[in-house]
Each structure stands twice: as C-alpha cells, then as structure tokens.
Amino acid sequence: MQAKRIGVAVASSESYDRAALHGILSYCRTHGQWKFYYNENPVPPEHMLSRMAEVFKRMDLQGIIINLWFKEVLDTIMPWGLPVVEIGGTVAGPCSSVHVDNDAVGTMAAQHLLERGFSNFGFIGWHGAKHCDERRDAFIRTLAQAGCSCEVLMLPAPARTQPIHADVLMSQWLKSLPKPVGVFAWYDYPAREAIYACRQLGIRVPRDVAVLGVDNDELNCTLSDTPISSIDVNPTLIGYHAAKLIHQLINGKKPPAKPILIQPKGVVVRRSTDTLANAKPEVAKALQFIRDHATEGIRVSDVLHGVAISRRALEMELSRLLGRSPLQQIRHERIQRAKSLLLDTDLSILAIARSCGFRSASSFGNVYKGELGSSPAQFRAKHRIVTL
C-alpha cells in the first residue's frame, strides 16, 4: 500500500501544536502508511510563504494539515488544489477546519469565574483573531445571562504590529477595574502578562484579580509568578480528528459544510483562580470542605459539622453565590472529578463511580446524565482517543 503524503505546518515551539501532532500520529498509527513533510508554521513576510511553497510543492503532497494564523497563508496554499485541514480556528476561509468549540470555551470561562463568586469581570483579547472574538462573545453572553457585565481590553496582535506599549495599556486597564474581579484572557500568554502586570502594580492575585487563560500550556502556566488556571482545549483530540478528516478528503469524501468542533476538556485549576470572591469566611470554609471531601460520600450534615453556620444560611449563601444548594454543590464536585477520570484514566465506569462517592454505576450514570446530558460511557467515547 502506497503511503499517504501529508504536509504538516504547525509551530513546534507551541504546546498546543505539539499536542495536536500527537493526535495526528495517534490516528495514523492505526490507519495505513503515512509520510509527513513538516514545515514550521509560516507567517508573513512573503519570503516565509515562498519557502513553504517551495518545500511542499517538491513533495507531491496529497493534503495539508496546518494551524493558520494569517489569511495570506491560506491565499498561498488554496490555489494548489489540495485538501487542506486547518486546526486553529483563527482565520475564516474556504478550507476544512477542526478546532475547539470556542463558544464552549467562552461559556466555560464565564461559568468558572461565576462559580468563584465574582460579580465583576474583564476580558483580554487581541484584534484580528476569529477564535478570540468567538470566545469573548460567548463569555460576555454567558455573563449577561447571569445578570453581569464585562469590561473588555482588545490589544493589537504583536505579530502583526510594532509594539505600542501594550503593557502600559494592560496596566492602566487592570488598575481601572472594580475589585475583586475575574479576568478571562483568551489564551495563556496574555494571562501570564496580566499576572505580571498585577505584581508590578501591587494587585493581589487571585484575591483582587483572578486570571483564567486558555490552552493549558504547562510551561506558561507554571512559570508564571502565580500559577495560571487554564482551559484545556483537548488539542490531541483535535489533531486526531484533523488526520481522520484529511484521510477522508484524500479518499474523495466531500468536505464538511461546517467546521468540526471539539469540546474543551475543562478548567485545570491552579492558584490564579483558587479563590472565592464575596463569600463570608464560614461559607468559604464550607466550600473548601466540599472540594476536599466531595468524593468521600459526604452529606450536607458533614459539611455543617465543621462550620459555624446554619443549614438555611448556607443554602441561602450558596444560592446567591453559585445558584446551587449544598447538595447540588457536592454532586457538582463529584461530577467534575468523574469527568477528569473518564478522560485521563482507563478506570472502569464502576471504579470511577466508587472513587467519586457513588454507591453504584447506575446511580453514577443517572446523576451524570442529569448533569451533562450523556452517560459516562458516551462522554468518554466522544471526548477521548482510545487508541493512544
């Protein structure tokens, strides 16, 4: 069988792209023979595009997988007449696309910060990036549904302009925000810059400003002065489905009419959002107890045992802060833990149920489906690569 010849243009220095490459390779290991021709993700100026064109044209490719950042790149490769699958969702164009559901990312960010008790919110983005706009709009829309508004800072994309003191603009903006405030940065790099600016200004993170990023770039997130909470967009699964799609296109399948959207895995919580704004000390203590012990089969009476607050008062405060009862919060924490185990381990459904405080797989399945609309097995099959 002749090997399929695929050009791959991504940024090997970026954790997102490296994870996507792992997903691509995972698909290809079990679907015939493949030959890859790698080119570092090209950006303008023109000589970079010409270099990529020269390399790829020599290889007699059958298809291209690329993380696009600039429309000029798309304008260069589309006239070649090859199947193209882009994996970034940054640039709208005529090629096929597999990328994270950016509406879901923005919604998840808003829900995470709302669950931290914030009533003031901010968003940091860059001009000219489609996926940034989609995340911002979903973030603002979800906050509006909760009766909240959002301050927005849109900065020029550094790769397309000369620096114009973006750090000064960010510092001025952060100082102007009402505190405490939950800030959503459209990916991890501006989240790290925001935390650095807060340190320079003497603003406490996360007590005064909580910061959430996207991509879960472990190096960026952990090298920050305050480790950054970040949304994991599941780039490995994106790469897997991109390889699956390019395979189908090479074999003559009609391109999908819409992008294939992959759901984000969830928020990886680190210090930058590990707080509870506007909460009374005893309520914060109760919530911390729930986070620490929810999977141990605790009841509301166990929560109340260690805090100086009545059941009715706790119910009222949690309803005000989170829109949940104490029992619902316990179930929520159990489900979040279960989601992580479903995605990141090979444990059976029964083992996960027991480790998360459920008495049986059936009771776990009923609660899980009530919370998320699908069974644990359906969730795992949809959001995880089983061939890794």
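Pull up the stretch 193-210, narrow it to residues that are part of a loop (DSSP other than H, G, I, E, B) and basic (Lys, Arg), then point me to the one that is surrounded by the fewest Cβ atoms within 10 Å (Cβ to Cβ).
The qualifying residue surrounded by the fewest Cβ atoms within 10 Å (Cβ to Cβ) is Arg207.
Got at least one residue in the stretch 338-350 being buried (at least 17 other Cβ atoms within 10 Å of the Cβ) and within 30 Å of Pro180 (Cα to Cα)?
yes
Being modelled with pLDDT under 95 and among the small types (Gly, Ala, Ser) narrows it down to one residue among Gly147, Gly202; which is it?
None of the others qualify; the one that does is Gly147.
Report yes if some residue within the stretch 103-111 is in contact with a Cys (Cβ under 6 Å, 6 or more places away or on another chain) and either in the same structural domain as Leu249 (by TED's automatic domain parsing) or of a type in the set (Val, Ile, Thr) (or both); otherwise report no. Talk me through it step by step, then tell me what you get.
Taking the stretch 103-111 as the starting set, the residues that turn out to be in contact with a Cys (Cβ under 6 Å, 6 or more places away or on another chain) are none.
The answer is no, given that none of the residues of the stretch 103-111 is in contact with a Cys (Cβ under 6 Å, 6 or more places away or on another chain) and either in the same structural domain as Leu249 (by TED's automatic domain parsing) or of a type in the set (Val, Ile, Thr) (or both).
Could you tell me whether Lys71 is surrounded by fewer than 16 Cβ atoms within 10 Å (Cβ to Cβ), at pLDDT 80 or above and within 31 Å of the chain's Cα centre (by Cα)?
No; evaluated as a whole, the condition is false for this residue.
Give the stretch 270-289 a look and list any residue that's farther than 21 Å from Lys179 by Cβ and surrounded by fewer than 20 Cβ atoms within 10 Å (Cβ to Cβ), or say none.
Glu282, Lys285, Gln288, Phe289
Do we find a residue being out of contact with any Asp or Glu (no Cβ under 7 Å at 6 or more places or on another chain), surrounded by fewer than 16 Cβ atoms within 10 Å (Cβ to Cβ) and farther than 30 Å from Cys95 by Cβ anywhere in the stretch 255-267?
Looking through the stretch 255-267, none of the residues is out of contact with any Asp or Glu (no Cβ under 7 Å at 6 or more places or on another chain), surrounded by fewer than 16 Cβ atoms within 10 Å (Cβ to Cβ) and farther than 30 Å from Cys95 by Cβ.
Of the conditions (1) farther than 30 Å from Ser96 by Cα; (2) free of Cβ contacts under 8 Å to residues at least 40 places away in the same chain, Tyr189 satisfies every one except a single condition; which number is it?
Result: Tyr189 fails condition (1) only.
Of all the residues that make up the stretch 21-51, how many are surrounded by 13 or more Cβ atoms within 10 Å (Cβ to Cβ), over 11 Å from Val8 (Cβ atoms) and at pLDDT below 80?
6
Where the second residue is acidic (Asp, Glu) and part of a strand (DSSP E or B) and the first is on the phi > 0 side of the Ramachandran plot and lies in the stretch 198-226, which pairs have Cβ atoms under 7 Å and are six or more apart or on separate chains?
Note: pairs meeting the criteria are Asn216/Asp232.
What is the number of the single condition among (1) modelled with pLDDT under 95; (2) touching a strand residue (DSSP E or B) at 6+ places or on another chain (Cβ under 6 Å); (3) closer than 30 Å to Lys285 by Cβ that Ala109 does not meet?
It is condition (1) that Ala109 fails.
Among the residues of the stretch 295-312, write down those that are out of contact with any His (no Cβ under 8 Å at 6 or more places or on another chain) and surrounded by 14 or more Cβ atoms within 10 Å (Cβ to Cβ).
Thr295, Gly297, Ile298, Val300, Val303, Leu304, Val307, Ile309, listed by residue number.
What do you reckon, is Ile77 at pLDDT below 95 and crowded, with 20+ Cβ neighbours inside 10 Å?
On the way: at pLDDT below 95: yes; crowded, with 20+ Cβ neighbours inside 10 Å: yes.
Considered against the rule, which asks whether it is at pLDDT below 95 and crowded, with 20+ Cβ neighbours inside 10 Å, Ile77 comes out as yes.
For the stretch 58-106, which residues satisfy the criterion of being more than 29 Å from Leu143 (Cβ to Cβ) and part of a strand (DSSP E or B)?
Passing the criteria: Gly63, Ile64, Ile65, Ile66, Val84, Val85, Glu86, Ser96.
Do we find a residue being in the same structural domain as Asp167 (by TED's automatic domain parsing), more than 18 Å from the chain's Cα centre (by Cα) and without any contact (Cβ under 8 Å) to a residue 40 or more places away in the chain anywhere in the stretch 257-269?
Within the stretch 257-269 (the criterion being in the same structural domain as Asp167 (by TED's automatic domain parsing), more than 18 Å from the chain's Cα centre (by Cα) and without any contact (Cβ under 8 Å) to a residue 40 or more places away in the chain), the answer is no, since none of the residues qualifies.
Tell me, which residue of the stretch 289-332 that is of a type in the set (S, T, N, Q) and either at pLDDT 90 or above or more than 24 Å from Cys148 (Cβ to Cβ) (or both) is farthest from the chain's Cα centre (by Cα)?
Looking at the filtered set, the residue picked out is Ser310.
Across the stretch 165-192, what is the number of residues that are surrounded by 15 or more Cβ atoms within 10 Å (Cβ to Cβ), assigned to a helix (DSSP H, G or I) and hydroxyl-bearing (Ser, Thr, Tyr)?
Residues that pass the stated criteria total 2.
The values are calculated or read from the model by the stated rules, or taken from the named source; none is laboratory data. Because the structure is predicted, anything quoted here is derived from the model rather than measured. We place every Cβ from the backbone using ideal geometry, glycine too, and count neighbours over all the protein chains shown.
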